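Engineer: Quick one: the structure is below, questions incoming.
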Amino acid sequence: MNAMSAPPPVRRALVNGPIFTGTQVLHDHALVLEDTRIADIVPRAALPPKQAWLDVDGRLMVPGFVNAHHHAYSALATGCACAPSADFMAVLENLWWKLDAALTTDDTRLSARWTALQCLQHGATMLVDHHASYGAIRGSLQVLAEEFECAGLSAVLCFEVSDRHGPAATASAIEENVTFLPTPRTNKLFGLHAAFTLGDATLAQVRAAAPPDEGFHIHCAEDALDVTRNHNALLARLAAFDILRPASLLVHGVHLTDAELQAVAQAGCALAHCPDSNMHNGVGALDLVKAHALGVRVVTGTDGMHSNMLKSYKTAYQLARHLHHDPRVGFAETLAMYHATQALAARFFADSTGRLAQGMRADIAVLDYRPHTPLTDDNIWGHLLYGAAEAAVHATIAGGELAYQAGVCTTIDVPAMTAACHAAAAQLWQRMRG
Ligand SMILES: [Zn+2]
């Protein structure tokens, strides 16, 4: 095709609502999209009259949310009955390890598709997933990549290596991390479950298998048992196997000591705070205020509990105040956590910054929230925590595509997927019981 016959790039604009770029609030501006990117952010008056594309009718536009820790594989557990679990180990043994051992490749595909829908419904356009499907390991990351990309999402993938299902499964899980090839909308970390299910021999194998510049994605001190089963030297053990890399993502950190939190800060790892999950499992809670004060780069994720990042920020905010019995804390820390979480986008994708900026990928959430009080650079976080966090998402634009609007998802056949999930879950639960 010669240049003369190439069609002109398609330009369209989002108009008629305030814009939070990630750093700045703009009024009376329009977001101009060109194919998959943000071409410009211009004063509304400067927009050619015929370019309007989506009138957001006063709603707030924000950067698509980044979820720093998710488990798509947990999707078919909704409503699954399991034996009462008195502690965290029992939760793992009675539910999660039975489920991941019984998952088929088709289950993984449906779980990813359903999770992608939840992300789009809540304005999330990128997730860092931590996958386990010990019933069908090989090729599972490719299946996740296909589903997330098809839905319009960007994703960072890994398979959680663990010794819990025997040496052959461990070797296969390591291989799955090594052989998965990132695609344009996916990137990778090296997945590890948690140090208490990983022997020294496996950690040595992992150290040898992981490229030196690749980060690890590992649960860390979620429950006290991860500390005691590592002889009260969890961080030292992770350091000994070169897991505390700047590119690594540790998850939870609930039971880390002050000195260990300082070591995490010094190593430059990110620490994913998952407040809804921690409260749900009764394992305690990360002291976000303290971690922040000690210099830890805290990000946040939903840990398979849900896909609503604003809900996570709100929970983290309230939990910080509850822990400290102090209504002065939590605001600055959750805002810093928001910026650190959104900044993960730039770490994994050259065309994303987690912000709305010229030339970057058009990942945008239109919140069903019309600011009813003055909105400025200084009070945007208050609007998000107290106003938008209680509102639905009106529309999600993923890579320039209107993937979700007013209850309708354009990238997923929702009725067909829901019916398939019903059938797959019934069979999965049967296998888990067997
Ligand atoms: Zn997790």
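The values are calculated or read from the model by the stated rules, or taken from the named source; none is laboratory data. Owing to the predicted nature of the structure, the values given are computational and were not obtained by experimental measurement. With ideal geometry, Cβ positions are generated from the backbone for all residues, glycine too; neighbour counts draw on all protein chains shown.
Engineer: Examine the stretch 359-380 for a residue that is within 16 Å of the ligand (Cβ to nearest atom) and either touching an Asp or Glu at 6+ places or on another chain (Cβ under 7 Å) or within 18 Å of residue 218 (Cα to Cα) (or both), and state whether such a residue exists.
Structural biologist: Checked the stretch 359-380: no residue is within 16 Å of the ligand (Cβ to nearest atom) and either touching an Asp or Glu at 6+ places or on another chain (Cβ under 7 Å) or within 18 Å of residue 218 (Cα to Cα) (or both).
Engineer: Please go through the stretch 189-217 and give me each residue that is polar (S, T, N, Q) and within 10 Å of residue 163 (Cβ to Cβ), ordered by number.
Structural biologist: Hits for the stretch 189-217 are 197, 202.
Engineer: Let me confirm something: among 81, 86, 116, 39, which residue is away from the ligand (no atom under 16 Å from the Cβ), surrounded by 16 or more Cβ atoms within 10 Å (Cβ to Cβ) and not in a helix (DSSP H, G or I)?
Structural biologist: Result of the check over 81, 86, 116, 39: 39.
Engineer: Same structure, new question: Farther than 25 Å from residue 64 by Cβ, surrounded by fewer than 24 Cβ atoms within 10 Å (Cβ to Cβ), within 16 Å of the ligand (Cβ to nearest atom) and assigned by TED's automatic domain parsing to the domain that holds residue 115, is that true of residue 329?
Structural biologist: Taking the combined requirement at face value, the residue does not satisfy it.
Engineer: Just give me the residues in the stretch 206-230 being in a loop (DSSP other than H, G, I, E, B), of a type in the set (D, E, K, R) and more than 16 Å from the ligand (Cβ to nearest atom), in sequence order.
Structural biologist: Result: 213, 214, 229.
Engineer: Among residues belonging to the stretch 63-78 that are outside any loop (DSSP other than H, G, I, E, B) and within 12 Å of the ligand (Cβ to nearest atom), point out the one that is surrounded by the fewest Cβ atoms within 10 Å (Cβ to Cβ).
Structural biologist: Checked the stretch 63-78; the qualifying residue surrounded by the fewest Cβ atoms within 10 Å (Cβ to Cβ) is 74.
Engineer: Looking for whichever is surrounded by fewer than 17 Cβ atoms within 10 Å (Cβ to Cβ) and modelled with pLDDT of 95 or more here; the options are 366, 414, 393. Which one fits?
Structural biologist: Result: 414 is the single residue among 366, 414, 393 that is surrounded by fewer than 17 Cβ atoms within 10 Å (Cβ to Cβ) and modelled with pLDDT of 95 or more.
Engineer: Of the residues 329, 283, 264, 298, which single one is of a type in the set (Val, Ile, Thr) and within 29 Å of residue 86 (Cα to Cα)? Can you show your working first?
Structural biologist: Numbers: 329 fails: within 29 Å of residue 86 (Cα to Cα); 264 fails: within 29 Å of residue 86 (Cα to Cα); 298 fails: within 29 Å of residue 86 (Cα to Cα).
Being of a type in the set (Val, Ile, Thr) and within 29 Å of residue 86 (Cα to Cα) holds for just one of 329, 283, 264, 298, which is 283.
Engineer: Then there's this: Determine whether residue 338 is under 21 Å from residue 54 (Cβ atoms) and crowded, with 20+ Cβ neighbours inside 10 Å. Full working, then the answer.
Structural biologist: Values: under 21 Å from residue 54 (Cβ atoms): no; crowded, with 20+ Cβ neighbours inside 10 Å: yes.
No; evaluated as a whole, the condition is false for this residue.
Engineer: Kindly check whether there is at least one residue in the stretch 268-286 that is free of Cβ contacts under 8 Å to residues at least 24 places away in the same chain and either on the phi > 0 side of the Ramachandran plot or not basic (Lys, Arg) (or both).
Structural biologist: Checked the stretch 268-286: no residue is free of Cβ contacts under 8 Å to residues at least 24 places away in the same chain and either on the phi > 0 side of the Ramachandran plot or not basic (Lys, Arg) (or both).
Engineer: Scan the stretch 291-308 and tell me whether some residue there is surrounded by fewer than 17 Cβ atoms within 10 Å (Cβ to Cβ) and over 17 Å from the mean Cα position of the chain (by Cα).
Structural biologist: yes
Engineer: Please specify each residue of the stretch 149-172 satisfying the condition of being free of Cβ contacts under 8 Å to residues at least 40 places away in the same chain and either in a helix (DSSP H, G or I) or more than 26 Å from residue 343 (Cβ to Cβ) (or both).
Structural biologist: 149, 162, 163, 166, 167, 168, 169, 170, 171, 172
Engineer: Out of 156, 161, which single residue is within 15 Å of the chain's Cα centre (by Cα), buried (at least 18 other Cβ atoms within 10 Å of the Cβ), within 25 Å of residue 247 (Cα to Cα) and within 15 Å of the ligand (Cβ to nearest atom)?
Structural biologist: Details: 161 fails: within 15 Å of the chain's Cα centre (by Cα).
So the residue among 156, 161 that is within 15 Å of the chain's Cα centre (by Cα), buried (at least 18 other Cβ atoms within 10 Å of the Cβ), within 25 Å of residue 247 (Cα to Cα) and within 15 Å of the ligand (Cβ to nearest atom) is 156.
Engineer: Residue 426 - would you say it is surrounded by 14 or more Cβ atoms within 10 Å (Cβ to Cβ) and part of a helix (DSSP H, G or I)?
Structural biologist: Criteria not met by residue 426.
Engineer: Also: Within the stretch 18-36, track down each residue that is β-branched (Val, Ile, Thr) and part of a strand (DSSP E or B).
Structural biologist: 19, 25, 32, listed by residue number.
Engineer: Please go through the stretch 243-296 and pick out each residue that is polar (S, T, N, Q), touching a helix residue (DSSP H, G or I) at 6+ places or on another chain (Cβ under 9 Å) and under 24 Å from residue 159 (Cα atoms). Quick ask: steps written out before the conclusion?
Structural biologist: First pass over the stretch 243-296, keeping only residues polar (S, T, N, Q): 248, 257, 262, 266, 277-278, 281.
In the following step, the residues that additionally are touching a helix residue (DSSP H, G or I) at 6+ places or on another chain (Cβ under 9 Å) were identified as 248, 257, 278, 281.
Answer for the stretch 243-296, where residues must be polar (S, T, N, Q), touching a helix residue (DSSP H, G or I) at 6+ places or on another chain (Cβ under 9 Å) and under 24 Å from residue 159 (Cα atoms): 248, 278, 281.
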